[in-house]
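Read the structure below first, then the notes.
The values are calculated or read from the model by the stated rules, or taken from the named source; none is laboratory data. None of these values were measured; they are calculated from a predicted model. For neighbour counting, all protein chains shown are included, and Cβ atoms are generated from backbone atoms with ideal geometry for every residue, glycine included. All accessible areas refer to the heavy atoms of the entire protein, side chains included, with ligands and DNA or RNA removed. Shrake-Rupley method; radii C 1.70, N 1.55, O 1.52, S 1.80 Å.
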Amino acid sequence: MTVDEALAIVETVLDDAEQLNDVQELIFRQCWEGRCSYEEISQLSQYNDEYIKALAAKLWKQLSEAFDAKVKKNNLRSFFKRYLRRHQVTVHRTQVIGVNLSGANLSGARVLFVNLSESDSSADLHGAIISDNNQTTSDEIIKAEDGHNQGILSNTEKRLYHWNDLCFRCEEQVKIAEALDRTSALFFPNSKARLTTPAGRQNQEPDFLIFHQGKWGILEISHPDTEKDQTRDRQFASHGIRIIHYCDANRCTEEADRIVQEFLDVLSQA
C-alpha cells in the first residue's frame, strides 16, 4: 500500500470541510515514510517545529475521530493496512443475495429474511420458520459459492471467470487483474459507479478503475464487438478521471504486464 492510496482513503472518509491542507499532507507523507521527527519535517516546510507539532497533534486527533480508532504517527502504515483489510471483509460479509424462490417448496425450512412483495410469488412457505430478528450474524447470511464484485452481480446469464473472490466477464480481464496485482496498484474491477449523465443520475461500470500516484484512471478492454462509449467517457473525465485507455483484447492475453505498465506510466504523467 502506498502513501497516495492511504491519502485517497483519508480523502474519502473526511468531510469536504475537513480535508487535509498542504502542511498536514506533508506531515502525513513524512510520517508514513518513517520521518517522525517534527524538527526534521519543519525543515522541509516554511514553518517552525512548534507549529508542525501543534498541527500534527490536530491531524492525529482529526483522523482518530474520523476513523473511530487511534491514529498516530507511529502506526500509520499498520493502521491503514488493517483498515483496508477489515473494510474489504465487511463488504464481503454484508452482501445481500437475491434468490428467486418462485415455485420452491420451503416447508419446514428456517427462513431468516424473505421479501414477499412480488405478487406473482408462488413459493410454498407452509410450515417454514420465518425469523423477524434483524440482528443476524454473518454466519446466518446466505453466501454465494463463488465470490463476486458489485457490477457483475446481476449478470449471471453469461459465463463468469473467478479470481481471488472476484468475478470477471472474460479471460482478458483476469489477465489484466493479475498484472495489476503484481504492481501492487489499487484497483476496482467491474465496479458500478453512480454519476450524473445527461439523462440524470445513472450507474456506469468501467472494466478497471485504477488509482496510481494520486490519480484515477480507467482501463477498458476492447473486443471486436464492442464500441467506445464516448459520452460515458466524457462523464467520467468531468469527475476527475485523468485518462481512459482502451486496450485490445488480444494484447491483453499476450502482453498484460506491458499493457498495465504502459497505462500506469501514462497515468502518472497525466
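So for segment 228-246 (the condition being closer than 23 Å to residue 11 by Cα, among the basic types (Lys, Arg), at pLDDT below 90 and surrounded by 14 or more Cβ atoms within 10 Å (Cβ to Cβ)), does at least one residue qualify?
Yes: segment 228-246 contains one or more residues that are closer than 23 Å to residue 11 by Cα, among the basic types (Lys, Arg), at pLDDT below 90 and surrounded by 14 or more Cβ atoms within 10 Å (Cβ to Cβ).
Any residue in segment 154-176 that's of a type in the set (Lys, Arg) and open to solvent by 40 Å² or more (accessible area, probe 1.4 Å): show its pairings with residues that are assigned to a loop (DSSP other than H, G, I, E, B) and modelled with pLDDT of 85 or more at Cβ separation under 7 Å, as long as the two are six or more apart or on different chains.
As it stands, the answer is 158/169, since those pairs meet every condition given.
What residue, of 24, 46, is part of a helix (DSSP H, G or I) and among the polar types (S, T, N, Q)?
24
Here is a list: 19, 43, 24. Which entry is open to solvent by 100 Å² or more (accessible area, probe 1.4 Å) and either polar (S, T, N, Q) or touching a residue at least 60 places away in the same chain (Cβ under 8 Å) (or both)?
None of the other options fit; the residue is 43.
Any residue at all in segment 192-205 that is within 22 Å of residue 254 (Cα to Cα) and either in a strand (DSSP E or B) or modelled with pLDDT of 90 or more (or both)?
Checking segment 192-205: not a single residue is within 22 Å of residue 254 (Cα to Cα) and either in a strand (DSSP E or B) or modelled with pLDDT of 90 or more (or both).
Can you spot a residue in segment 202-221 that is more than 18 Å from the chain's Cα centre (by Cα) and in contact (Cβ under 8 Å) with a residue 12 or more places away in the chain?
yes
Just a yes or no: is a residue in segment 245-260 under 18 Å from the mean Cα position of the chain (by Cα) and either in contact (Cβ under 8 Å) with a residue 60 or more places away in the chain or part of a strand (DSSP E or B) (or both)?
For segment 245-260, residues under 18 Å from the mean Cα position of the chain (by Cα) and either in contact (Cβ under 8 Å) with a residue 60 or more places away in the chain or part of a strand (DSSP E or B) (or both): absent.
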